[in-house]
Structure formats: structure tokens, C-alpha cells
Amino acid sequence: VQLVESGGGLVQAGGSLRLSCVDSGRTLRTSAMGWFRQAPGKDREFVASVRWDGVTKLYGDSVKGRFAISRDNENMATLQMNNLKPEDTAVYYCAAAGTTVELQSLWLDAWGQGTRVTVSS
């Protein structure tokens, strides 16, 4: 498994960003994919996860109603982030796990290098 994230950057509060994650190793056909984030000085925080078939999706409480995750194919997932807030500023990591619940609990099989998201007020 080789997860590669893209799409981070700097945006003003209220703006949007789209993160993508690709498994270049092409081994995640039946695994859940998703994201967690980590802000400076804080613990890792679950953001969202999606089942291998795109049907089941879970979200962290702080992003519900603003973020949307999708499974584009067996090796790619996308996180659409809308109405961004300064508290969303963090490094976002794409991750893989056996199930969406395991990913929510941060019981991870693999994760990427991370992409930085900065939201200015």
C-alpha cells in the first residue's frame, strides 16, 4: 500500500478545498479509505472514512455537514471540504483500514505522508 495525498493548501475561512488520495500500490480493493488530521500540539483526529464500495461513510463530529468523502474507485478517495474554519488547519493524512469503524478508531493499516491545510481567518 502506498497512499499519496494531494490538494492541500491555503484558503480563507468559508472557502473550500478538495483532497485526493491514491493508492499507487493498487492493493485496497476491499479496504476502507479515509482521512485523519493532526494540528500542531494536538492528538490525531478522525475526519472521515468510506467503505470499499462507497456505500458506508463515517464523519467526525467537527466536520459533519461540511465535509463529504467519496470513493472514486477501488484505489482512490476524495474529500470535499466546504465552509472551512480556522480550526480545520492541520496536516491531513490519507489512511487505510479494514473497515470504516476501524479507521474511525484510528486502527490503521497504512497512511500517507500528509498534506497541509491552512485556513486563515
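Read the figures in this text as sums done on the coordinates, not as results from a lab. None of the values given here were measured: they were computed from a predicted structure. Note: ideal-geometry Cβ built from the backbone for every residue, glycine included; neighbour counts use all protein chains shown.
Taking a sphere under 10 Å around the Cβ of residue 119 and counting the other residues whose Cβ falls inside, with K and R at +1 and D and E at -1, yields a net charge of -1. Each residue of the stretch 12-24 is assigned a 3J(HN,Hα), and the resulting list reads 7, 4, x, x, 10, 9, 10, 9, 10, 9, 10, 8, 6 Hz, derived from the Karplus form 6.51 cos²θ - 1.76 cosθ + 1.60 (θ = phi - 60°), x at Gly and Pro.
Let me test this: with uniform point scatterers at the alpha carbons of the stretch 1-78, what is the Debye-based log₁₀ I(q)/I(0) at q = 0.24 1/Å? Values returned for q = 0.24 Å⁻¹ are -1.25.
Dividing the summed -39500 (n - 2.57) terms of all DSSP H runs of n ≥ 4 by the residue count of the chain sets its mean residue ellipticity at 222 nm at -1000 deg cm²/dmol.
Residues whose amide H comes within less than 5 Å of that of residue 56, counting only those at least five positions distant or on another chain, are 51 (H built at 1.01 Å from N in the peptide plane).
The Cα center of the stretch 51-121 and the Cα center of the stretch 5-41 differ in position by 6 Å.
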